[in-house]
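Each remark here refers to the structure printed beneath this line.
The values are calculated or read from the model by the stated rules, or taken from the named source; none is laboratory data. Computed from a predicted model, the values in this text were never measured in an experiment. Here Cβ is always computed from backbone atoms with ideal geometry, including for glycine, and neighbour counts include all displayed protein chains. Side chains are part of the model used for accessible areas, which takes the heavy atoms of the whole protein and leaves out ligands, DNA and RNA. Shrake-Rupley method; radii C 1.70, N 1.55, O 1.52, S 1.80 Å.
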Amino acid sequence: MQQPSSSSPPAQPPPAAAADAPSPAPATTPTPAPASLSPPQAAAAAAASPAEPALTAAQKALRSKPSRSPEDPEKKQIKKLKDVEISFPIVYGTISFWLGKKASEYNSHKWTVYIRHANNEDLSVIVKRAVFQLHPSFTNPTRVIEQPPFELSETGWGEFEIAITLYFHSDASEKRVDLFHQLKLYPEEEAGPQSTKKPVVVETYDEVVFTEPSEAFFLRVQNHPAANVPRLPPGITLSSPGLMEHMAHDKKRYDNKDHPLSQWYSNFSEADELLKLAAARQQVQAHIAKLRRQLSMIEGMPQQSRGLSVPGQQYGHG
């Protein structure tokens, strides 16, 4: 989670303005479902401009497992696929724009909070609705979004924590996932002053993981570009999907790639990360080669000169 910058928001408004501008106090958030997810803050990617994506290893350490719905006697006949996991990479965050000359003391920024697929695929293949819990000073602080894009926009001046709850389609046989995100309006000092053209972007990568999914759910999402579907273990055979009821969820896919804010989205693709890792590896190799050359020069020096060079190196870098 990113810490607030040294640029402080305006003083708290009088009670009459509380409904229009959130207080910096932490938001009232719903109690997370038991064993819902790993701490998302470990991979928070934040910056005054689009954040740098986390490394693949760090991303895969964040795998949110939805809390399982209570057993329903009528659903005990659902066929589960043992030793199978289906994952969906997601990104949740905020993009905040300073209003510049249009800014007032209690209405300085316009911001959008959202949950999206990491590669901007249609997340409604699994998400039935998303619930955003804003600061209680907002009118109607509990916002329910039932179709993509799963986002909402507001204006204000205060930073606070936003709770995001995801509910899934019935064939997923899962209850919900709870996420938490810190709204950030003001850029870090090193990013320079506020600008109406350069927003403050804070995004977090995570993965929603469905363990032992139902056969119906597997058949519905196995060819969807939003899903990471592994090979089935030996011995597992699938029924023919036919005219199964789960096909009701197959509707026209929402395309998030042309979203007006997509130019500010962080790139969490594995290809991009591999390129960055390769560049970092080249830098490390170049540094190692330089150190080896310096070591060879030292070893080639006369013993007396070599001895005199050691104290100078020791105190020169101490």
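Below are the figures for this structure:
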| read-out | value |
| --- | --- |
| Entries in K110/K175; K110/K197; K110/K198; K102/K197 that, when Cα-Cα distance is taken, lie over 21 Å | K110/K175 |
| Mean Cβ neighbour count within 10 Å, used as a protection proxy, ranking 207-213, 181-187, 233-239 highest first | 181-187, 207-213, 233-239 |
| Å² per residue, accessible surface of the stretch 105-176 at 1.4 Å | 33 Å² |
| Ordering of 148-156, 101-109 by burial proxy (mean other Cβ atoms within 10 Å per residue, highest first) | 148-156, 101-109 |
| R0 of 25 Å, Cβ-Cβ distance Q283-S262: FRET efficiency to nearest 0.05 | 0.25 |
| For L152, distant residues with modelled amide H under 5 Å away | V113 |
